[in-house]
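What follows is a single structure, written as structure tokens, with notes after it.
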Amino acid sequence: MDVNLHLAQDPDADALLGRSPLAALTGMLLDQQIPMEWAFKGPATIARRLGGEDLDAHEIAAYDPEAFAALLAEKPAVHRYPGSMAGRVQQLCRYLVEHYDGDAEAVWRGVTDGGDLLKRLRELPGFGEQKARIFLALLGKQLGVRPTGWREAAGAYGEEKSFRSVADITGPESLAKVRAHKQEQKAAAKAAKSAKPAGGSGK
């Protein structure tokens, strides 16, 4: 795996994401409740603070939890909620050690069916349905992992020329389009919520 990604909008952080399957998975895990660039810059920050150039699932899984949380909380913090996210990153790494001998790429290496790949991604700690589908779309669209039926398994995120998620970001222009799409979704959800009548009023 050695591709050019533009998710962190930072050359060094993006280079790590493009060559390290564990960094890509960790960035996806961190991508919630904070700006996308902040999330995907996280793996490079963690690697640097651990004194290496890449992440090691065995090392992170065995790390003292309090010390690892403190490492993520150092300024600038890796996440808005460094303590809870440190626990999630360690949980992910422990799962990878237990099921894939710490080899993150083994999650998708050799998988020939998109449905099977989606199942594997959903089984990862911290990866719900949506996150699993987005990462599957990222694998297919930018990382060259395209088992049979991968677009269908990724759902709307797998559609060509869509700008729905990180899977579609290849530079500043596509980033702006994805941001616009997310804002439209939020506005629509807010409008739908406010349009609902108050429950239990009997009117």
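The values are calculated or read from the model by the stated rules, or taken from the named source; none is laboratory data. Please read all numbers here as calculations on a predicted model, not as lab measurements. A quick note on method: Cβ atoms are made from the backbone with ideal geometry, for glycine too, and the neighbour counts reach across all protein chains shown. The area values use the complete protein model at the heavy-atom level, side chains included, leaving out ligands, DNA and RNA. Shrake-Rupley method; radii C 1.70, N 1.55, O 1.52, S 1.80 Å.
Annotations for the structure displayed:
- Measuring against 32 Å, Cα to Cα, the residue pairs LYS141/LYS196; LYS41/LYS196; LYS75/LYS193; LYS161/LYS186; LYS41/LYS141; LYS119/LYS182 contain LYS141/LYS196; LYS41/LYS196; LYS75/LYS193 as the ones spanning a longer distance.
- In this structure HIS6 has an accessible area near 80 Å², from a 1.4 Å probe over the protein heavy atoms.
- Seen against the Cα atoms of the chain and their longest principal axis, helix 21-30 is set at about 40 degrees.
- The angle separating the long axis of helix 82-100 from the principal Cα axis of greatest extent in the chain is about 70 degrees.
- Entry comment: accessible area of segment 63-160 is 48 Å² per residue, from protein heavy atoms only and a probe of 1.4 Å.
- Within the chain: Cβ-based charge dipole about Cα centre, in debye rounded to nearest 20 (Lys, Arg +1; Asp, Glu -1): 1320 debye
- Principal-axis tilt of helix 172-195 within the chain, Cα atoms, nearest 10 degrees: 50 degrees
- In the complete set of protein chains, residue-level accessible area for LYS196 is approximately 150 Å², probe 1.4 angstrom.
- Note on surface exposure: LYS131, LYS190 rank LYS190, LYS131 by accessible area, highest first, 1.4 Å probe.
- Loop-resident sites, segment 65-98, for GluC sites (Glu not before Pro), counting at most 11 other Cβ within 10 Å (DSSP): GLU74
- Lys/Arg +1, Asp/Glu -1 at C-beta; the chain dipole; positive extreme among GLY115, ALA192, LEU96: ALA192
- Charge dipole of the chain about the Cα centre (unit charges at C-beta), most positive-ward option of GLY87, ALA156, HIS58: ALA156
- Portion, in percent, of the accessible area of segment 89-202 that falls on carbon or sulfur, probe 1.4 Å: 50 percent
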